[in-house]
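What follows is one structure encoded as structure tokens, with my remarks underneath.
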Amino acid sequence: MNSFRAFTALRERYAAWHDVLRAPTDELEEVIRPGGLAPTKSRRIQHVLAEVYEATHGTWDLGFLGTMPLAEARAWLTSLVGIGRKTASIILLFNFGRPAMPVDTHVHRVATRLGMLPPRTPLDRAHDLLEEVLRPEEMYAFHVELIRHGRDTCRAPRPICGLCPLTDVCAYFADAIRGRAPMAPIPRNAAGGDVPARYHDELIHGWAPPEQPAGSRSVDR
Ligand code: SF4
């Protein structure tokens, strides 16, 4: 949420990406301070904007990422300072509908517990493995729902397996039910049949969930 506050402040302060690029770096740093790591992020933002400006000949049009081969689009994005595999996949999946699977801490933890990833799989390898087993049309829903499930049920460090509909397919639960892995008790406010509050109204990577009206989502100018 802090990063979304910083992004909102940035969009309110600057009318166009060109203005962000040309702004004094210490001014930009102050604008995005709510997001944390402002000194590093302000420099990186301007560095990335300078590269995008040059690559697009000043048009800011990144539409080529939606049509070029996926591996090339990913390589182009990860060549930019501060953009790793996860961020590149978020841009490709959320903005261009490309079949790229972002693996954040929730996706990694839940997929590992379900047995879809071997224990302690490195992040880069986790991206590859999940992209291999998921169909392109499954990636967006898989990503969003694993984040939600990781936030409200399959939490770190102890999942609330008693509220989970996936126990019959979950490798972690098979261990937990034998006392070999920890589980959290069902919260008292959910014991009477009420399910805990879902997070469907929370932003995911600064984007409104798909079931919210399009007008409430953050959009690129
Ligand atoms: S059964 Fe437990 S560990 Fe497995 S996915 Fe559900 S909450 Fe997570």
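Rule-based calculations on the coordinates, nothing more; no lab input. This is a predicted model, so every value here is computed, not measured. Cβ atoms come from the backbone with ideal geometry, glycine included; neighbour counts cover every protein chain shown.
Give or take rounding to whole Å, what are the principal axis extents of the alpha carbon atoms in the chain, in descending order?
60, 37, 32
Would you kindly state how much longer the chain becomes between residue 12 and residue 174 on full extension, computed as 0.36 nm times their sequence separation minus their alpha carbon distance, in nm to one decimal? Mind showing how you got there, number by number?
Numbers: separation 162, 0.36 × 162 = 58.32 nm, distance 4.99 nm.
Residue separation times 0.36 nm, minus the Cα-Cα distance, leaves 53.3 nm.
Run the numbers for residue 186 and residue 138: contour at 0.36 nm per residue of separation, minus the present Cα-Cα distance, in nm. Before the final figure, lay out the partial values.
On the way: separation 48, 0.36 × 48 = 17.28 nm, distance 2.96 nm.
Additional length available on full extension: 14.3 nm.
From Cα pairs below 8 angstrom and at least 6 apart in sequence, can you work out the relative contact order of the chain, rounded to a whole percent? Before the final figure, lay out each step's value.
Numbers: 221 pairs, mean separation 28.0, N = 221.
The value is 13 percent.
If you keep only loop residues by DSSP, which GluC sites (Glu not before Pro) in the stretch 62-171 have at most 14 other Cβ atoms within 10 Å of their Cβ? Please list the in-between numbers first.
On the way: sites: 72, 131, 132, 137, 138, 145; in loops: none.
Here no GluC sites (Glu not before Pro) fit, given the DSSP loop and packing criteria.
Can you compute the FRET efficiency between residue 151 and residue 68 using 1/(1 + (r/R0)^6), with r the Cβ-Cβ distance and R0 = 45 Å? Round to the nearest 0.05. Each step should come with its number before you reach the end.
Details: r = 34 Å, r/R0 = 0.75.
The calculated FRET efficiency here is 0.85.
I'm a student and want to see the number: the projected area of the Cα convex hull of the stretch 2-61, averaged over all directions, in nm². Each step should come with its number before you reach the end.
On the way: hull surface 14.8 nm².
Taking the Cα atoms of the stretch 2-61, their convex hull projects to 3.7 nm² on average.
Could you work out the helix-only [θ] at 222 nm for the chain, with each DSSP H run of four or more residues adding -39,500 (n - 2.57) and the total divided by the number of residues, to the nearest 500 deg cm²/dmol? Walk me through the intermediate numbers first.
Details: 10 runs with 99 residues, N = 221.
That calculation yields -13000 deg cm²/dmol at 222 nm.
Taking 0.36 nm per intervening residue step and subtracting the Cα-Cα distance, what contour gain separates residue 96 from residue 166 on full extension?
That pair, residue 96 and residue 166, stretches by 22.2 nm at full extension.
I want to check the label-to-label distance for residue 51 and residue 4. Put each point 7 Å from Cα in the C-beta direction and report it in nm to one decimal.
About 2.7 nm separates the two model spin labels.
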